[in-house]
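Reviewing the structure listed below.
The values are calculated or read from the model by the stated rules, or taken from the named source; none is laboratory data. Since we're looking at a predicted model, the values are computed, not measured. Here the Cβ positions follow ideal geometry from the backbone for every residue, glycine too, while neighbour counts run over all protein chains shown. Heads up: the accessible areas ignore ligands, DNA and RNA and are worked out on the full protein's heavy atoms, side chains in. Shrake-Rupley method; radii C 1.70, N 1.55, O 1.52, S 1.80 Å.
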Amino acid sequence: MVQLIVGKKGKGKTKQLLDKVNSEIKEISGNIVYLDKSTKHMYELNNKVRLIDVSQFMFENSSEFLGFVCGIISQDHDLQQMYFDSFLKIACLEGKDISDTVEKLEKISKMFEVDFVLSVSMDESELPAGMKEKVIISL
């Protein structure tokens, strides 16, 4: 399953994402990975959550990002959830249509039983039509 937390930049999406990941860690038995553009939020995350700073990796497009995500999944058979903060930035999708990438994440989710929660810096009204039902929080 892919879920979206949407809202313009500065509306509080990261706080919502951090709250969600920290509450989920108590509920699930598997592992959680949190992808971010820096290590800025390291101390706000539960220490059981694996934080990956993607700025160290040289993605040039969303396909390379998806390959990176699949690589993480292949290395952790207990992985249950992945959280993507600043999704548009880390997935190289700023100013682009996110539909194809989110649909591929949905297929990856079903295939490997990993849930994805994405923080997307867009108004709900700006989302492509098929993405609106995936929104869990709109700010």
For residues that are modelled with pLDDT of 85 or more, assigned to a loop (DSSP other than H, G, I, E, B) and not charged (D, E, K, R), scanning just segment 13-44, find the one that is most open to solvent (accessible area, probe 1.4 Å). 29
Please state which of the following conditions residue 70 fails to meet, knowing it meets all the rest: (1) in contact with a Leu (Cβ under 9 Å, 6 or more places away or on another chain); (2) among the hydrophobic types (A, V, I, L, M, F, W, C); (3) in a helix (DSSP H, G or I). (1)
Whichever residue in segment 1-12 is open to solvent by 40 Å² or more (accessible area, probe 1.4 Å) and either modelled with pLDDT under 85 or of a type outside the set (A, V, I, L, M) (or both) and, among such residues, is nearest to residue 128 (Cα to Cα): 8
Could you list, ordered by first residue, the pairs with Cβ atoms under 7 Å in which the first is in segment 117-128 and in a helix (DSSP H, G or I) and of a type outside the set (Val, Ile, Thr) and the second is modelled with pLDDT of 85 or more and open to solvent by less than 50 Å² (accessible area, probe 1.4 Å), at least 6 apart or interchain? 124/6
Has segment 51-59 got any residue that is touching a Phe, Trp or Tyr at 6+ places or on another chain (Cβ under 8 Å), surrounded by 15 or more Cβ atoms within 10 Å (Cβ to Cβ) and more than 29 Å from residue 130 (Cα to Cα)? yes
Starting from residues that are in a strand (DSSP E or B) and in contact (Cβ under 8 Å) with a residue 60 or more places away in the chain, keep the ones in segment 73-99 and report whichever is least open to solvent (accessible area, probe 1.4 Å). 83
